[in-house]
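The block underneath contains the structure these notes are about, expressed in C-alpha cells.
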Amino acid sequence: MSHPPLRTTVIGSYPFPSWLEFASQHLEQFGAADIAELQDDAVIAAIHDQVAAGLDVITDGEQTRFDFNLSFYGFLEGLKLESASPRKWGPPAHDQRGKHEVIGELRAPRGLGAVAEFERLKRLAPPGPALKASLPGPYTLSGRLRPNAQYKDRYALTEALLPIVRAELEALVQAGCAEISVDEPSMSCYAYREDTKRFVDIFNRTVEPVAGKCRLSAHLCFGNYKGRAVGKRRLAPMFPDFLDFKVNELHVEMASREFAEIEMIAEIAKRSDVAVGIIDVKSYYIETIEDVIERIKLCLQYVSPEKLSVAPDCGLSQTARWAARQKLANMVEGVRRARARL
Ligand SMILES: [Zn+2]
C-alpha cells in the first residue's frame, strides 16, 4: 500500500469544543434527536480543523465518545458504571479515574459503536483526506475494569475483550474502513515490567482477521491522561519483540521525549512504516515550521520519506483546541516544505 512521502496523520482524538464539554455534563436536558445533532456538529468541527490544517489522514476526533453510555464501556454488557474517583483532589493523574466493576459475562451484542462512528465520519468528511478509525486494543481497554472472581486479573479481562475488539475490527473493514489504528498505549507503558512477547501475541490475535485487509497501525505512547505520562518513557523495553506486531505502521511518541532512542525507527522501518510523534501534545510551546522541518530531517537520517509518517505524539484530546489547531497547521506546513526539499 503506497502513500505520499512524509504522510501527515493524527492519532484518534481531538479536543472537544467547549460547548460539547458543557453539553456532555447536561445530557439529561437533551432529547435523542438533539444528541444526534450534537454528535454530527462536534464531528463537523473536528473535521473542519483537520482539513483546514491540510492533513493527509483525518479521524472523527473521537468526538462522540463524550459520555459513559457512548463510550466503549457503555456498549459492554456485564459492567457497572465506575464508582466515584478514588482521589478527587490534588494534581491531575490516572488515579483520579475510577474503575468499572464487572458484574457478569463481558459481551457486546451491539458492537462497540466504532462502525457508526466511521459511517458518520464518511458521511460528513469532504473528499480528499484518508479516513482513519481508531479503536483501543483489549489490553488497554481492560485497564479501566476491576478484576473479580470470574476474571481474575488484567490478562483474563483482556482475553474476554479480545474477541469483542476483533469483531469490531472486522465490522469496520466490512463497512469499508480502509485504515484503522489499534491503540495499545498500555502495552508501551508497561512493556518495562510485563512479558512483551505476551503483548505481541495478544495484539496479533486481535488484528488477525483484518491484517492485510486494511492499512493497520498501532499507536504506542506513554500515557496522556490529563496530559500526564504514566509509563517508563523508553522504547528499549518494547523492542525487538514489538517489531513482530502485524501492522503496516507503528507509531511512537518522540517529541515529548526529545527524540530519545530515535535510532530505533530504523529497526521499525525494516518491518513496517513508522509514524513519528514530532508534535508534543503535552506542551504549550507551539512547534514552529522550522522545528518541524528540523525534526523531519532527523527522522530521515534513519527512515526513507516513503516509510515515514508524521504525527503528533498522541491524540490531541488533552490539548486546548487553539493550541491543537496551531500545532497541526505548523506540522503540515513543515511537511509541505520538507517535501519540496526532497
Ligand atoms: Zn497516546
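What number, rounded to the nearest 500 deg cm²/dmol, is the helix-based mean residue ellipticity at 222 nm of the chain, given -39500 (n - 2.57) per DSSP H run of at least four residues and division by all its residues?
Counting only the DSSP helices, I get -11500 deg cm²/dmol.
Name the long-range amide H neighbours of L79: under 5 Å, sequence gap of 5 or more, or other chain; modelled H, no Pro or chain starts.
I103
If you take every DSSP beta bridge fully contained in segment 7-341, what fraction is antiparallel? Give it as a percent rounded to 5.
10
Using θ = phi - 60° and the Karplus curve 6.51 cos²θ - 1.76 cosθ + 1.60, what whole-Hz ³J(HN,Hα) does each residue of segment 90-100 get, with Gly and Pro shown as x?
Here the 3J(HN,Hα) series is x, x, x, 6, 4, 6, 8, 9, x, 9, 7 Hz.
Cα gyration tensor of segment 87-172, axes a ≥ b ≥ c as square roots of the eigenvalues: rounded (a/c below 1.5), prolate (a/b > b/c) or oblate?
Since a/c reaches 1.5 but b/c is at least a/b, the shape of segment 87-172 is classed as oblate.
Test of understanding: in a Gaussian network model of the chain with alpha carbons linked when under 10 Å, which of S83, S13, S186 would top the mean-square fluctuation ranking?
In this elastic network of the chain, the residue with the biggest mean-square fluctuation among S83, S13, S186 is S83.
Of the options Q150, F75, P163, report the single residue whose Cα projects farthest towards the positive end of the charge dipole of segment 27-174 (beta-carbon charges: Lys, Arg +1; Asp, Glu -1).
Farthest along the dipole direction, towards plus: Q150.
What is segment 22-169 by shape, rounded, prolate or oblate, if you read a ≥ b ≥ c off the alpha carbon gyration tensor as root eigenvalues and call it rounded for a/c under 1.5, prolate for a/b larger than b/c, and oblate otherwise?
prolate
Given the C-alpha centroids of segment 264-342 and segment 1-46, what is the distance between them in whole angstrom?
Taking the Cα centre of segment 1-46 as reference, the centre of segment 264-342 is 23 Å away.
Quick one: grab the alpha carbon gyration tensor of segment 209-342, order the square roots of its eigenvalues as a ≥ b ≥ c, and give me rounded if a/c is under 1.5, else prolate or oblate depending on whether a/b is larger than b/c.
Because a/c hits 1.5 or more and a/b fails to exceed b/c, segment 209-342 counts as oblate.
Once you have the Kirkwood Rh of the chain from its Cα pairs, apply Stokes-Einstein at 4 °C and 1.567 mPa s and quote D in µm²/s.
Answer, rounded: 64 µm²/s.
Between E101 and A130, what is the label-to-label distance in nm when each label sits 7 Å out along the Cα-to-Cβ direction?
The answer from the label model is 4.5 nm.
Can you tell me which of G31, G143, G90 moves the most in a GNM of the chain? Springs connect C-alpha atoms under 10 Å apart.
The residue that fluctuates most here is G90.
Figure the gain on full extension for H94 and E119 (residue separation times 0.36 nm, minus the Cα-Cα span) and round it to one decimal in nm.
Here the segment from H94 to E119 would lengthen by 5.8 nm.
Using a simple charge model, +1 on the beta-carbon of Lys and Arg, -1 on the beta-carbon of Asp and Glu, nothing else, what dipole does the chain show about its Cα centre, in debye to the nearest 20?
Approximately 540 debye in magnitude.
Pick from M254, M264, M187: which is most flexible by mean-square fluctuation in a GNM of the chain where alpha carbon atoms under 10 Å apart are linked?
So, out of M254, M264, M187, the one fluctuating most is M264.
Tell me the relative contact order for the chain as a rounded percent, counting alpha carbon contacts under 8 Å between residues six or more apart.
20
With a length cut of 18 Å (Cα positions projected on each helix's long axis) and a Kyte-Doolittle mean of at least -0.5, go through the chain and give me the DSSP H helices that pass.
Helices meeting the criterion: 32-53, 154-174.
Coordinate-derived values only; no laboratory data. Remember, predicted model here, so these are calculated numbers, not experimental data. Here Cβ is always computed from backbone atoms with ideal geometry, including for glycine, and neighbour counts include all displayed protein chains.
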